[in-house]
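Only the coordinates and a few stated rules stand behind these numbers; no lab work does. Here the structure is a predicted model, which is why all the values come from computation and not from measurement. Glycine gets a Cβ as well: all are built from the backbone with ideal geometry, and neighbour counts include every protein chain shown.
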Amino acid sequence: MARAAAVPPAPETMSPNQLARRLRVLEAVIGLVADGGIEEMQMRELAERSGVALGTVYRYFSSKDHVVAAALVEWASQLDQNVSRRPLPSGTMADRLKALLRQGVRPFRREPNFAALMVRAASSTDPFASQCYQELGPIVTGTLGRALPELDADERERVLRVVGAVWFTGLNEWVHGRCTVAQVHERLDEACDLLLAWREPAVVSRSTGSA
């Protein structure tokens, strides 16, 4: 029988040792997802794989959905660190954003189970899983925002909100076999062109002091 959900401690309130155990659990989930998914994963199996006591796993995470959503955030954070270390692509704002989006889609293409995991996290009714999913937004927009330094913060956020919706819809349809990765790229390219192409002359005018 499933245990009653308790309020798990926030990571920022944990000690270094607690954070280390929590990270071991998340890395075990990431490994399980990479090996073939988590549909049959049990919390006891996760405890054994991570070397963390089962009671501690339940204390840190309210449910299976919560722990897999938190693992998705950890995986995305690691990707963000790798992408952020790379030189910013050249070209127009649309060109740069397209290039970063392709870099962002590539890991899901290599590890399609993580795309399915994102879809699962987005639809979970567990409030702690939903909270983890919301943490993905700043990670993704922080990375993609590097492509748009010419825009002010509000306009950049609006552009990335729309692009993010196209990205998620594309990944969702790809996970369910309704489109290909190439079609996901095409839709993202179209969104970038529609949102940014008309802005380029205005940006150039402002930067050169033209009326």
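Applying a length cut-off of 15 Å (Cα extent along the axis) and a mean Kyte-Doolittle floor of 0.5 to the DSSP H helices of the chain leaves 112-123. Could you give log10 I(q)/I(0) at q = 0.11, 0.15, 0.17, 0.18 Å⁻¹ for the chain, computed by the Debye formula over C-alpha point scatterers of equal weight, without solvent? Treating every Cα as an identical point scatterer, log10 I(q)/I(0) equals -0.59, -0.96, -1.15, -1.24.
What dipole magnitude, in Debye to the nearest 20, does segment 136-188 give about its Cα centre under +1 on Lys/Arg Cβ and -1 on Asp/Glu Cβ?
Details: 6 positive and 7 negative charges, 43 e Å.
With Lys and Arg at +1 and Asp and Glu at -1, about 200 debye.
Other residues lying with their Cβ under 14 Å from the Cβ of Gln18 contribute a combined charge of +3, Lys and Arg counting +1, Asp and Glu -1.
Summing +1 for each Lys or Arg and -1 for each Asp or Glu among the other residues whose beta-carbon sits under 13 angstrom from that of Gln78 gives -3. Loop exposure criterion: trypsin sites (Lys or Arg not before Pro), DSSP state outside H, G, I, E and B, at most 16 other Cβ atoms within 10 Å. Applied to the chain, the longest stretch between such sites is 86-177.
Given +1 on the Cβ of Lys and Arg, -1 on the Cβ of Asp and Glu, and no further charges, what dipole in debye does the chain carry about its Cα centre, rounded to the nearest 20?
Details: 25 positive and 25 negative charges, 73 e Å.
Around 360 debye, computed over the chain.
Does segment 1-113 come out rounded, prolate or oblate by the C-alpha gyration tensor, with a ≥ b ≥ c the root eigenvalues, rounded set by a/c under 1.5 and, if not, prolate when a/b is larger than b/c and oblate if not? Prolate is the answer for segment 1-113, as a/c is 1.5 or above and a/b outweighs b/c.
Need one word for segment 105-201: rounded, prolate or oblate. Basis is the Cα gyration tensor (sqrt eigenvalues a ≥ b ≥ c); a/c below 1.5 gives rounded, then a/b vs b/c decides. Write down the numbers at each step before the final one.
Numbers: a/c = 2.36, a/b = 1.34, b/c = 1.75.
Cα axes put segment 105-201 in the oblate bin.
What size of dipole, in debye to the nearest 20, comes out for segment 102-155 about its Cα centre when the only charges are +1 on Lys and Arg C-beta atoms and -1 on Asp and Glu C-beta atoms?
Numbers: 6 positive and 7 negative charges, 104 e Å.
Magnitude of the dipole: close to 500 debye.
Sorting Leu97, Leu23, Leu32, Leu144 on the 10 Å Cβ count, fewest up front, what's the list?
Numbers: Leu97 27, Leu23 14, Leu32 20, Leu144 23.
Going from sparsest to densest Cβ surroundings: Leu23, Leu32, Leu144, Leu97.
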